[in-house]
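Each remark here refers to the structure printed beneath this line.
Bear in mind these aren't lab numbers, they're just calculated from the coordinates by the rules spelled out. Just so we're clear, the structure is a prediction, and the values are computed from it rather than from any experiment. Cβ sites come from the backbone with ideal geometry, for glycine too, and all protein chains shown count toward neighbours.
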Amino acid sequence: MKDLDEFRKLMKEQWQLEKSNRSLVLMGRSLEEILAQAAIELSLPIHKLDYEVQTAGRKGFLFGTIGQRNWRVLVYPARKHIVTNLNPLQHVAGSDLDADEADLHIDKDGVFGFRLTKDGKVLLKVVEPQGNGKQVVVAEVLQRANQARSIPSLKEALVAKIVEEGNGIWVEVADYNYNTSVDYNLSVNISDDDMKATVTLTTPGLGGSTVSYDELKQALQRAGVYHGIKEDILNDLEMNPVYKTAILVAQGTPAVAGENTRLQCTIDSDISEQNIHVDAKGSIDFKRMTMIQSVASGDVIAKVLPPTDGVPGTNVRGSMIAAENGKNLSMNLGNNVALTDDGTEVVATSNGQVIFKNDIISVESIYTVDGDLKSHIDFLGTVVINGNIEDGYEVKAKDNITVTGSVGRSQLTAGGDIIVGNGINGNKYGDGVQGEAMSFVKAGKNLWASFIQNSYVEVNEMVIVSDGILNSEITALKKILCKGKRAAIVGGRIRAVEEINAVVFGSNSGTSTRLEVGVNPKLKDMLKHHQKSMDRKQTALFDLQRIVDNWSDAARSRPLSPDKKKKYDEMIAEVSHLKEQIKDDKEKITELMEELSNKHTDAKIGASMRIHSGVEILIGDSEYLVSREFNKGQTFYLDEDMIKIKDYEEITDDITIKADNDKRKRYTKNSVKLV
């Protein structure tokens with residue numbers, strides 16, 4: 001008898017060997033289909049197989065072609081089956097194995113059965129328990145024998161020995177008076193489609209024999225059943241016959257139809273598998289959960305898989321069942337998608353969102369939210385929100401953003417235009433122009449809004465507002481135009497290259513309002529950045545050079561230690577590096593100053609009704625502080641580097657919003673609407 005450690009090692013080695021030698025990797029449309037095929041190839045019943053799912057399958061749509069994923073499963077003989085073959089548990093029953101080995105034990109009670117042969121012999125088979133299963137009890141064996149009228153009295157010692165050995169072998173224990181006239185009858189029935197075979201046994205009379213495995217097998221062969229025979233069922237019937245009931249003993253292998261032409265998505269079309277973002281407190285950040293699957297023009301969104309041949313099946317008679325091959329189907333393609341020249345891939349022909357609808361795959365360049373925004377958006381196209389954007393959201397669009405409602409303290413970034421129907425309110429709190437938390441809006445082209453309050457705005461073309469701007473920092477590389485009865489600019493810093501125009505500038509309370517035109521504000525910011533950077537580096541260079549000079553003086557009287565020499569060399573290198581950076585800053589400053597010297601001499605600032613005192617006017621490098629209130633329309637302009645004033649000049653620009661379909665959205669003081 002092996003000791004426990006040796007047995008554990010033996011079990012592991014045997015299982016690993018069996019798994020590696022007889023494992024299969026199979027693919028199919030269902031787990032049941034794969035296990036049925038594995039049972040045939042490994043010549044084992046399904047309940048004696050173990051498997052590991054490598055890729056879980058899922059059903060598709062578009063007639064099962066979109067989003068479909070086959071199962072991929074590693075199948076091998078079950079541990080239960082291997083342990084049974086080794087029959088080792090008789091040596092360690094009841095032992096406390098380690099936790100990592102506990103799954104090698106299958107809890108199964110011991111079983112026994114009698115068989116009456118046609119030559120008048122009584123046979124007994126005892127199978128020992130597995131794992132923590134119950135042992136066969138000698139008294140139960142004797143009791144069943146006494147209840148069977150055909151079995152004579154048995155010797156208890158002989159039965160006890162067989163129970164103790166439990167080797168699963170039929171052992172002769174007695175003789176009985178065999179009567180052939182009362183034997184059982186066995187009938188085999190094959191289904192009409194030849195895919196199932198059942199056997200039915202009649203109850204034998206007193207002195208009749210019981211069925212054996214060989215007799216069952218021979219009966220099946222006589223009936224023409226050769227394939228899909230369930231060996232374990234035959235063994236069970238031999239040991240414990242079931243009478244007057246049709247028992248399934250053979251099952252054919254169905255044919256597997258080939259797959260039609262289908263699309264295999266190369267993007268993650270299953271939003272249920274999206275990443276879940278958790279904040280520092282352990283809560284799910286629902287704002288960061290988005291349902292958009294964006295793609296860029298030219299991206300491969302699906303592969304076209306050719307039809308496959310079907311796999312023939314076999315019925316219980318051993319005849320082949322023909323399988324239908326897959327069909328070559330044409331693809332239903334929607335907007336903004338196309339097949340590659342070789343017909344093997346589907347690509348996007350436009351930036352946008354992948355849509356699967358009505359069995360058609362397409363890419364839509366517009367993403368629409370019906371209602372208030374509930375999550376962040378980052379989309380390679382146009383975003384339309386038919387509702388509000390409350391505080392704390394972020395929307396990014398490569399093209400345009402349209403919001404029919406209002407925008408709170410959020411961030412909007414678009415490569416094209418941004419249109420906000422009911423205005424932007426950043427609800428500023430804190431000190432400074434921007435405050436601690438403001439709305440941030442950045443557009444590659446224009447911004448239209450009813451009003452802008454407590455916000456930071458940066459656009460490459462024009463800002464157009466109907467109800468005015470309050471306490472905001474606005475930068476536009478063309479114009480800032482406020483057109484409406486109450487279109488006032490009050491507080492903040494407003495900068496444009498060509499023009500700033502409104503109804504009223506400033507307020508009675510003297511709120512600091514600064515208006516700047518005539519130069520590119522971005523270039524001006526860059527100049528200030530490089531000037532500050534150069535100042536910091538010059539200060540650092542001065543301090544570092546003084547230390548280097550002191551160390552150089554000290555080194556003349558006494559050599560520096562190795563550590564100090566290394567530090568000295570590092571400082572020399574840093575001095576050289578700072579000088580190079582300062583040189584670069586000077587060159588950039590010179591370049592920017594040259595660009596800024598090209599002033600827009602026709603730049604102007606105008607108010608159609610009133611300009612309050614305290615408003616700062618800056619055109620180019622010239623400044624003008626409004627010291628008295630103007631109660632009529634005025635326009636400020638530059639004449640020979642001096643700011644001058646003339647009668648108000650009306651806005652001449654077309655400030656309607658051009659839609660993509662060349663219709664126009666007429667801008668009003670309340671909202672943006674289609675005409």
One finds, for ASN240 and LYS374 with R0 = 56 angstrom and r their Cβ-Cβ distance, a FRET efficiency to the nearest 0.05 of 0.35
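I'm checking a number: the convex hull volume of the Cα atoms of the range 448-547, normalised per residue, in Å³. What is it?
Details: hull volume 11.0 nm³, N = 100.
Cα convex hull per residue, to the nearest whole number: 110 Å³.
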The Rg/Rh figure for the range 524-596, Cα atoms and Kirkwood Rh, to two decimals is 1.18
When the charge dipole of the range 181-251 is computed with +1 at the Cβ of Lys and Arg and -1 at the Cβ of Asp and Glu, the Cα pointing farthest to the positive end, of HIS227, GLY208, VAL242, is that of GLY208
Counting sequence-distant residues (5 or more places) and residues on other chains, those with an amide H built under 5 Å from that of ASP378 are LYS396
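Over 27 Å between Cα atoms: which of LYS445/LYS528; LYS532/LYS564; LYS108/LYS161 fall into that group?
Values: LYS445/LYS528 25 Å; LYS532/LYS564 32 Å; LYS108/LYS161 21 Å.
Cα-Cα > 27 Å for LYS532/LYS564; rest within.
Send over the semi-axes of the range 111-178's equivalent ellipsoid, whole angstrom and largest first, taken as the square roots of 5 times the C-alpha gyration tensor eigenvalues.
Equivalent ellipsoid semi-axes, largest first: 21, 12, 10 Å.
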Rounded to one decimal in nm, the spacing of the 7 Å Cα→Cβ label points at LYS485 and LYS583 is 6.5 nm
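Compare the peptides 378-384, 30-36, 141-147, 476-482 by average per-residue count of other Cβ atoms within 10 angstrom and give them in order, highest first.
Numbers: 378-384: 21.1, 30-36: 16.9, 141-147: 14.3, 476-482: 23.0.
With the highest mean Cβ count within 10 Å placed first, the list reads 476-482, 378-384, 30-36, 141-147.
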For THR652 and LEU74, extending 7 Å from Cα along the Cα-Cβ vector and measuring point to point gives, in nm, a value of 7.8 nm
Dividing the alpha-carbon radius of gyration of the range 547-647 by 2.2 N^0.38 Å, where N counts its residues, gives 2.15
Long-range alpha-carbon pairs in the range 143-189, meaning those over 18 Å apart, account in percent for 47 percent
Of all GluC sites (Glu not before Pro) in the range 335-436, the ones in DSSP coil with at most 16 other Cβ atoms within 10 Å are GLU390, GLU436
Under the 7 Å Cα-to-Cβ spin-label approximation, ALA323 and LYS357 lie apart by a distance in nanometres of 3.8 nm
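Would you mind working out the magnitude of the charge dipole of the range 488-604 relative to its Cα centre, with +1 at each Lys and Arg C-beta and -1 at each Asp and Glu C-beta, to the nearest 20 Debye? Let's see the in-between values first.
Numbers: 22 positive and 20 negative charges, 90 e Å.
My answer is approximately 440 debye.
Considering only the other residues whose Cβ falls under 12 Å of the Cβ of ALA257, what net charge follows from Lys and Arg at +1 and Asp and Glu at -1? Numbers along the way, then the final one.
Values: positive: ARG29, LYS327; negative: GLU33, GLU259, ASP309, GLU324.
In short, -2.
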Set LYS118/LYS196; LYS479/LYS522; LYS442/LYS478; LYS479/LYS646; LYS442/LYS583, cut-off 25 Å on Cα-Cα distance; pairs above it are LYS118/LYS196; LYS442/LYS583
